[in-house]
Amino acid sequence: LEAVPQQYIKQVKTTPDLDRKSFRIEVPVCGAQPEDRIEVALFDGDTQVAKGSSLNGAAVELSVAEPKLWSPESPFLYDMKVSLVRNGKKIDEVESYTAMRKFSIGRDADDIVRLELNNEPVFQFGPLDQGWWPDGLYTAPSDEALAFDVVKTKELGYNMIRKHVKVEPARWYYHCDKLGMIVWQDMPSGDRGPQWQMHNYFTGEEKHRSAESEANFRKEWKEIIDCLYSVPSIGVWVPFNEAWGQFDTEKAAEWTKTYDPSRLVNPASGGNFRACGDILDLHNYPGPAMFLFDPVRVNVLGEYGGIGLAVENHLWWNKRNWGYVQFKNSDEVTAEYVKYARELKKMVPKGFSAAVYTQTTDVEGEVNGLMTYDRKVIKINEAEVRKANQEVIKALSE
């Protein structure tokens with residue numbers, strides 16, 4: 001807990017605009033008075049590169065003539081100092097950071113819609129990361145543990161993480177910002193839904209949720225976006241997963257895009273398909289498959305894989321340990337992973353613009369992680385997996 005004065009900075013909401021080479025910084029203040037001024041300074045190391053101010057709650061606009069861009073290859077972050085000034089005196093001051101980056105879509109030479117970062121096509125590839133821990137469930141034992149998962153994902157050659165139906169502490173997103181890891185942020189699933197069928201995209205019914213349940217979804221989804229809005233690494237919002245509680249998909253996607261036009265919207269990852277948002281997301285287990293194509297949206301493989309390996313003395317229980325396919329040792333798992341990666345690589349020129357492998361770690365009875373639940377055993381050959389992942393990512397530019 002931190003004590004604050006009666007007049008204080010409540011939030012710093014930063015929106016980068018690469019095309020205009022500017023940042024828009026909104027600074028809600030508690031107890032503001034008409035003459036109060038907001039001052040914002042942007043730093044590259046010790047060098048101040050921009051400074052601006054505003055009155056009466058207006059946003060501060062900062063221009064940077066030659067901005068350094070954020071990307072997985074070069075995750076540059078600007079430091080930022082924000083001050084609340086009254087009659088020439090600083091009433092409150094906070095420090096933060098931001099990054100210049102742009103998430104968008106565009107068509108390639110074959111007229112296929114692709115994901116773009118900083119106006120350049122980038123194939124986004126990463127694991128499904130549920131962020132569970134055997135000793136704390138949703139709570140990591142330390143900041144070093146939070147960082148470990150992101151660091152290991154980076155070392156394995158991925159450039160993206162799908163944060164699966166969970167919201168992490170702010171420090172986890174900082175590690176993604178600092179290390180250069182694009183994040184797809186899911187909304188935690190709520191309410192029950194029809195039994196999910198892997199290829200039932202058009203006939204699956206949507207959930208009839210109560211008015212209270214719908215209101216709770218909308219309230220919490222807005223709170224999540226408000227909380228994470230200024231995280232540079234988040235590139236995609238995912239309101240629904242696999243039809244779990246999926247309802248009013250078009251409205252949810254439209255609201256999300258209107259509320260935050262700076263990011264892309266994946267309406268329902270692997271769920272009931274509705275012609276809305278920016279992305280068509282397929283799920284297929286165990287191997288990759290491309291069985292639908294939307295000519296006006298980005299086409300992605302939102303989940304695949306699930307290669308299982310139960311490692312003795314690193315299991316959560318001694319009952320049913322499960323994976324979509326099961327193997328006996330690391331060599332077999334690695335060979336199957338590389339086989340899937342080669343199949344995926346062939347699908348990139350045909351239309352896939354991203355893929356998500358299930359999953360980062362084992363989770364309780366699920367033993368299809370790249371690592372065991374306790375993070376003590378890496379279950380694949382890291383060098384071979386990294387090489388395969390990099391080949392998939394590079395397939396878009398070949």
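The values are calculated or read from the model by the stated rules, or taken from the named source; none is laboratory data. This is a predicted model, so every value here is computed, not measured. Note that we place each Cβ from the backbone using ideal geometry, even for glycine, and neighbour counts take in every protein chain shown. For the accessible areas, the whole protein counts, side chains as well, though only heavy atoms, and no ligand, DNA or RNA atoms are used. Shrake-Rupley method; radii C 1.70, N 1.55, O 1.52, S 1.80 Å.
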Three-way shape call for region 237-348 based on the alpha-carbon gyration tensor, with the a/c threshold at 1.5: prolate
Contour minus Cα-Cα distance for Val151 and Glu254 (0.36 nm per residue): 33.7 nm
Area accessible to solvent at Ile9, 1.4 Å probe radius, in Å²: 20
Region 108-185 versus region 15-84: alpha-carbon centroid distance in Å: 25
Crossing angle, helix 249-259 versus the chain [Cα axis fit, 0-90 degrees, rounded to tens]: 30
Net charge of neighbours whose Cβ lies under 14 Å from the Cβ of Pro134, counting Lys and Arg as +1 and Asp and Glu as -1: -4
Relative contact order (%) - region 1-159, alpha-carbon pairs under 8 angstrom, separation at least six: 17
Length gained when the stretch Lys178-Val64 is fully extended (0.36 nm per residue, less Cα-Cα span): 39.0 nm
FRET efficiency estimate (nearest 0.05) - Cβ-Cβ, Ile105 to Glu364, R0 30 angstrom: 0.25
Glu366 accessible area, assembled protein chains, probe 1.4 Å, Å²: 60
Residues of region 139-160 with amide N under 16 Å of the 7 Å Cα→Cβ point at Ala170: 143
Chymotrypsin sites (Phe, Trp or Tyr not before Pro) within region 141-245, DSSP loop, no more than 13 other Cβ atoms inside 10 Å: Phe202
Which of His283, His314, His208 is most accessible, then next, and so on - probe 1.4 Å: His208, His314, His283
Shape category assigned to region 216-294 from the gyration tensor of Cα positions, a/c cut at 1.5: prolate
Rule-of-thumb Rg ratio for the chain [Cα; 2.2 N^0.38 Å; N residues]: 1.02
Region 1-81, relative contact order in percent, only Cα pairs under 8 angstrom and at least six apart counted: 27
Fraction of antiparallel bridges per DSSP, region 220-305 only, in percent to nearest 5: 0
Prolate/oblate/rounded label for region 31-171 (Cα gyration tensor, a/c 1.5): oblate
Where labels lie 7 Å past Cα in the beta-carbon direction, separation of Ser262 and Glu95 in nm: 2.2
Mean separation of Cα contacts under 8 Å, 6 or more apart, over the residue count of region 299-351: relative contact order %: 39
Alpha-carbon Rg with Dmax, taken over region 1-74, Å: 14.4, 44
Pair Trp322, Lys222: separation of 7 Å Cα→Cβ label points (nm): 3.7
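Largest first, what is the accessible-area ranking of Glu303, Glu212 with a 1.4 Å probe?
Sorted by accessible area, descending: Glu212, Glu303.
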Coil-residue chymotrypsin sites (Phe, Trp or Tyr not before Pro) of region 1-54, DSSP, other Cβ within 10 Å capped at 12: none
Tilt relative to the chain, helix 143-155 - C-alpha long axis, 0 to 90 degrees, to 10: 60
Crossing angle, helix 330-347 versus the chain [Cα axis fit, 0-90 degrees, rounded to tens]: 70
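Hey, got a sec? Which trypsin sites (Lys or Arg not before Pro) in region 298-339 land in a DSSP loop and have at most 15 other Cβ atoms within 10 Å?
Answer in residue order: Lys319, Arg320, Lys328.
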Part-to-part distance (alpha-carbon centres) for region 257-291 and region 334-398, which is given in Å: 20
Separation of the Leu1 and Lys13 label points, Cα + 7 Å toward Cβ, nm: 2.8
